[in-house]
Amino acid sequence: MEKLLFISVYPDKNRLKEGFIQRIKEIDNLFSDCERVYLDIRFFSYFKKKVIHFDNVTIVQAHYLLNFCDIIKLINSSNRIYIHSVYSGFRIIPHLFFTRIKKSLVCLELHGTFQEELEYKGEKYNSRLFGWFEKQLLKHTKMIVYVSKRFEEYFLKKYPFTIKAKRYVIPTCTAKIFEQFDPRKTEEIAKKFNLSPNDVVFIYSGSTEVWQKIDLMMQIIQKLIDNKNYKFILLTGNVKEMTDLAKKYGLFPRENLFISTVPPEELGNYYDIAHYGFVLRDDHILNEVSSPTKFLEYLYFGITPILKSTKIGDFMNFNIDYITIDNLNLDFLPEKSEKNKEVARKIVEMYKQELFNLKRDFLE
């Protein structure tokens with residue numbers, strides 16, 4: 001079988017706490033029985049091209065300009081090309097004009113609305129520039145992967161010509177969290193936090209980026225933390241930043257608030273002890289078309305999400321249990337949502353079917 005070319009970094013195990021890398025790893029697992037080439041292009045490093053081989057994977061680390069011709073040759077020699085996001089794909093835009101890429105089967109996976117994200121950050125010039133990059137990539141694309149149905153609908157309006165492409169809706173999902181989950185470890189974690197059956201556990205899993213609304217989460221915790229039966233577990237790769245924010249709001253140290261980092265394969269055990277989870281996002285198209293990994297994970301473990309906006313991906317279409325920040329004046333109970341568990345399992349089955357369809361069509 002011919003080699004598949006991925007325009008992306010390789011999903012190294014040392015970076016698997018990053019959501020973007022987790023998604024790349026999921027797709028890599030899907031094609032693990034195929035010969036794969038990862039073209040990792042940089043602007044300010046890789047001044048000398050490096051080729052790494054292991055198992056059935058080849059990683060080509062190339063410089064954007066210094067290896068310009070090598071990148072063109074690699075693209076021309078590939079009949080199947082998978083581009084992980086506009087952020088990865090824009091690096092080959094100048095090269096495309098010197099390639100025969102129109103003869104190749106190109107799949108573009110859209111992890112988010114990158115142009116709108118830059119505009120949201122106030123980077124108007126970069127927003128327009130990446131809008132152009134985005135359009136150029138889509139013109140060469142025969143297959144498109146979206147993370148939500150809402151995302152697909154939004155892009156069909158933005159780029160009507162994409163209706164000609166085969167389209168797939170595959171929500172972000174770290175399947176190994178479900179597969180590797182060991183219920184026996186849950187008891188150990190419950191003892192670690194000295195939890196009693198009457199304790200209500202609130203959880204957060206994610207970064208400290210501004211769009212995660214961590215300040216708002218801290219303000220909510222402030223109102224609830226004096227209830228000693230309420231326990232707050234904040235899991236992040238940015239422990240120092242999270243701790244500093246908790247101190248800012250007088251929440252650290254506290255006996256019922258814990259800040260830690262855990263490897264992805266252990267997240268399931270922490271979710272298993274939790275009843276409510278924070279997913280605080282603004283009402284913006286960025287979030288409306290998104291599919292936060294933790295949202296689906298929360299549902300899978302029967303966690304009821306606490307929301308600022310309900311316009312997050314396709315989740316509201318499934319009639320899930322949730323609470324908005326406008327309705328926090330209630331007594332929280334240590335209860336799991338069976339409805340959310342059922343919804344999540346349906347979504348995971350849909351996810352697996354779409355992955356099957358994607359692989360079948362990409363390899364045929």
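Numerical summary
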item	result
Failed item, numbered, when residue 330 is tested on (1) in a loop (DSSP other than H, G, I, E, B); (2) closer than 17 Å to residue 147 by Cβ	(2)
Test: residue in segment 13-25 that is in contact with a helix residue (DSSP H, G or I) (Cβ under 8 Å, 6 or more places away or on another chain), assigned by TED's automatic domain parsing to the domain that holds residue 70, buried (at least 20 other Cβ atoms within 10 Å of the Cβ) and of a type in the set (Gly, Ala, Ser)	no
Of all residues in segment 262-279 being out of contact with any strand residue (DSSP E or B) (no Cβ under 7 Å at 6 or more places or on another chain) and surrounded by fewer than 22 Cβ atoms within 10 Å (Cβ to Cβ), the one that is nearest to residue 337 (Cα to Cα)	272
Top-ranked residue of segment 282-321 - restricted to ones that are among the polar types (S, T, N, Q) and buried (at least 19 other Cβ atoms within 10 Å of the Cβ), ranked as farthest from residue 209 (Cα to Cα)	304
Residues (within 18 Å of residue 216 (Cβ to Cβ) and small (Gly, Ala, Ser)) located in segment 232-256	246, 250
Subset of segment 189-201 that is exposed (fewer than 13 other Cβ atoms within 10 Å of the Cβ) and touching a residue at least 60 places away in the same chain (Cβ under 8 Å) - its residue that is nearest to residue 222 (Cα to Cα)	198
Which listed residue is under 20 Å from the mean Cα position of the chain (by Cα) and surrounded by fewer than 21 Cβ atoms within 10 Å (Cβ to Cβ), from 33, 40	40
Residues (of a type in the set (A, V, I, L, M, F, W, C) and surrounded by fewer than 17 Cβ atoms within 10 Å (Cβ to Cβ)) located in segment 214-249	216, 224, 239
Every pair of residues 6+ apart whose Cβ atoms lie under 6 Å, when the first sits in segment 202-218 and is closer than 25 Å to residue 272 by Cβ and in the same structural domain as residue 256 (by TED's automatic domain parsing) while the second is of a type in the set (D, E, K, R) and surrounded by fewer than 19 Cβ atoms within 10 Å (Cβ to Cβ)	208/241
Those residues of segment 1-44 which are acidic (Asp, Glu), over 18 Å from residue 355 (Cβ atoms) and in a loop (DSSP other than H, G, I, E, B), in sequence order	2, 12, 18, 35
Test: residue in segment 322-342 that is at pLDDT below 90 and surrounded by 14 or more Cβ atoms within 10 Å (Cβ to Cβ)	no
Count - residues of segment 26-37 that are among the charged types (D, E, K, R), touching a helix residue (DSSP H, G or I) at 6+ places or on another chain (Cβ under 8 Å) and within 14 Å of residue 55 (Cβ to Cβ)	1
Options 47, 90; residue that is assigned to a loop (DSSP other than H, G, I, E, B) and touching a residue at least 12 places away in the same chain (Cβ under 8 Å)	47
Output for segment 113-161, where each listed residue is surrounded by fewer than 21 Cβ atoms within 10 Å (Cβ to Cβ), in a loop (DSSP other than H, G, I, E, B) and in contact (Cβ under 8 Å) with a residue 12 or more places away in the chain	140, 142, 159
Residue match in segment 347-356 (condition: polar (S, T, N, Q), out of contact with any Pro (no Cβ under 8 Å at 6 or more places or on another chain) and within 29 Å of residue 266 (Cβ to Cβ))	yes
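Residue by residue, here is whether (1) touching a residue at least 24 places away in the same chain (Cβ under 8 Å); (2) within 20 Å of the chain's Cα centre (by Cα) holds:
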site	(1), (2)
310	no, yes
314	yes, yes
321	no, no
326	no, no
335	yes, no
339	no, no
347	yes, yes
363	yes, no
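The values are calculated or read from the model by the stated rules, or taken from the named source; none is laboratory data. Given the structure is predicted, the values throughout are model-derived calculations rather than measurements. Cβ coordinates were reconstructed from backbone atoms using ideal geometry, including for glycine residues, and neighbour counts include every protein chain displayed.
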